[in-house]
């Protein structure tokens with residue numbers, strides 16, 4: 001019995017060791033490659049460049065994303081890494097947006113891993129044809145009219161084949177899936193993994209913000225790509241146009257369990273840096289101790305907790321500042337409400353005074369000199385006939401002024417005639433005044449007398465009109481009495497009509 005128990009323990013131990021070895025063999029070591037990645041914020045530098053990347057064509061880099069191709073017709077652009085990779089297996093996480101106004105967009109976006117860099121204005125989604133490596137295409141336009149777009153597909157080229165545009169590359173596709181990636185609320189994500197000649201593409205449709213939620217697009221085996229190459233993203237538009245924005249590209253290198261030499265080197269470098277940091281800390285503490293010995297009066301207490309504020313203190317400070325701002329806003333609102341209430345009270349008092357004065361038949365007293373009369377129901381305003389009378393007086397004055405102007409022009413013309421006649425005299429001596437000159441002088445005298453009479457008439461008219469014509473107006477009391485009588489008549493008529501209708505209904 002004991003032997004059987006020992007044998008079962010040994011058997012379970014062997015199985016456990018074999019399972020652990022299998023799991024360890026399938027482990028993949030990842031290393032983030034910052035030289036082949038970019039992400040916001042501060043994606044682009046002040047000069048517009050993206051670190052470790054270069055872009056061209058119609059591509060535009062900003063602090064939040066890289067717009068590979070804008071939503072204009074016939075635009076092309078691309079962005080490529082500056083240096084080739086120094087690792088064989090890799091995993092790339094791409095977040096992008098393809099947005100447009102129409103229901104159909106064009107042309108699409110492409111992810112590249114090629115032996116050489118492509119062009120920035122090529123024929124295949126903005127990059128070069130006859131590439132050597134992988135092209136992963138996010139095709140949004142249906143060129144073959146098979147109604148199978150938007151479509152994601154991978155095409156591996158050895159540099160000898162041209163891309164089949166008429167059939168959307170379906171005749172050359174390694175694998176693909178039908179997925180919609182246009183006009184999504186969140187960035188669309190694609191995860192491309194190439195490990196041990198197996199190409200796997202996972203897809204997130206951008207309907208939520210969960211970065212770990214992926215679905216399988218395709219998985220292809222026996223895929224042979226260049227050992228070292230360049231990563232790139234390109235896009236193009238045609239007659240239709242979309243905005244093609246890349247939010248981030250995060251690249252990680254993959255290593256088998258037996259290939260951990262680089263990781264060990266990184267660990268050794270990290271240990272060396274840690275040792276240097278600890279040495280620096282010891283030297284700094286020694287210098288502080290020496291300074292305290294030399295300057296005991298300037299030495300600060302060792303308790304460093306008082307040097308910095310804690311999280312609770314910072315939170316309380318923020319709450320206090322927020323309460324102060326709220327108090328100031330409430331105080332300002334209270335002040336404005338007090339102003340509004342004061343204006344309402346003054347308005348109500350004026351209305352009450354005017355109404356009480358009209359009810360007793362009193363006319364409001366005139367305002368003191370130099371002040372504007374208060375408005376209200378009993379305010380004395382100018383009437384229409386007074387405005388008409390004032391306009392007529394102004395028109396008469398303007399007509400008289402025009403007549404005076406005409407007389408002045410005639411007088412000026414006659415004076416010019418006299419001067420011309422004197423200038424035509426044969427000598428410079430004063431000539432005797434003839435018949436024409438006498439007649440002109442008499443005409444001038446008559447004209448001046450006529451002008452004088454006109455001016456006196458205008459003066460008399462202006463003197464007689466001291467102000468606006470005074471017309472007796474109906475008082476507000478009379479108007480209210482008439483309105484009350486009309487309301488009583490209308491009310492009596494309605495009562496009489498209702499009684500007649502009720503009597504007529506009794507017969508039915």
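The values are calculated or read from the model by the stated rules, or taken from the named source; none is laboratory data. Nothing here was measured: the structure is a model prediction, and the numbers come from that model. Heads up, the Cβs are rebuilt from the backbone with ideal geometry, glycines too, and the neighbour counts pull from every protein chain shown.
Restricted to region 459-508, and to residues there that are part of a helix (DSSP H, G or I) and under 30 Å from residue 399 (Cβ atoms), the residue that is modelled with the highest pLDDT is 460.
None of 106, 110, 119 is over 27 Å from the mean Cα position of the chain (by Cα) and outside any strand (DSSP E or B) except 119. Residues that are surrounded by 15 or more Cβ atoms within 10 Å (Cβ to Cβ), in contact with a helix residue (DSSP H, G or I) (Cβ under 7 Å, 6 or more places away or on another chain) and either assigned to a loop (DSSP other than H, G, I, E, B) or modelled with pLDDT under 95 (or both) do occur in region 80-92, at least one of them.
Of all residues in region 252-272, those that are farther than 30 Å from residue 191 by Cα and modelled with pLDDT of 85 or more total 0. For region 135-153, the criterion of being on the phi > 0 side of the Ramachandran plot, under 35 Å from the mean Cα position of the chain (by Cα) and assigned by TED's automatic domain parsing to the domain that holds residue 198 is met by none of the residues.
Give the residues of region 100-134 that are crowded, with 23+ Cβ neighbours inside 10 Å and either at pLDDT below 90 or not assigned by TED's automatic domain parsing to the domain that holds residue 243 (or both), sorted by residue number. Result: 105, 107.
It is to be established whether one or more residues within region 166-181 are over 27 Å from residue 121 (Cβ atoms) and in a loop (DSSP other than H, G, I, E, B). Checking region 166-181: at least one residue is over 27 Å from residue 121 (Cβ atoms) and in a loop (DSSP other than H, G, I, E, B). Restricting region 304-318 to residues that are loosely packed, with under 10 Cβ neighbours inside 10 Å and farther than 26 Å from residue 288 by Cβ leaves a set whose member that is modelled with the highest pLDDT is 312. Residues in region 166-179 that are in contact with a strand residue (DSSP E or B) (Cβ under 9 Å, 6 or more places away or on another chain) and in contact (Cβ under 8 Å) with a residue 24 or more places away in the chain: 168, 169, 170, 174, 175, 176, 177, 178, 179. At pLDDT 90 or above and part of a strand (DSSP E or B) - does that describe any residue in region 13-29? Looking through region 13-29, none of the residues is at pLDDT 90 or above and part of a strand (DSSP E or B). The condition of being at pLDDT below 65 and in contact with a helix residue (DSSP H, G or I) (Cβ under 7 Å, 6 or more places away or on another chain) holds for only one of 440, 404, that being 440.
I'm trying to understand the selection: among the residues of region 201-222, which are surrounded by 12 or more Cβ atoms within 10 Å (Cβ to Cβ) and part of a strand (DSSP E or B)? Those that are surrounded by 12 or more Cβ atoms within 10 Å (Cβ to Cβ) and part of a strand (DSSP E or B): 201, 202, 203, 204, 217, 218, 219, 220.
For region 182-198, the set of residues classified as more than 39 Å from the chain's Cα centre (by Cα) and in a loop (DSSP other than H, G, I, E, B) consists of 196, 197, listed by residue number. Against the criterion of being modelled with pLDDT of 95 or more and either closer than 16 Å to residue 240 by Cβ or within 23 Å of the chain's Cα centre (by Cα) (or both), residue 67 qualifies.
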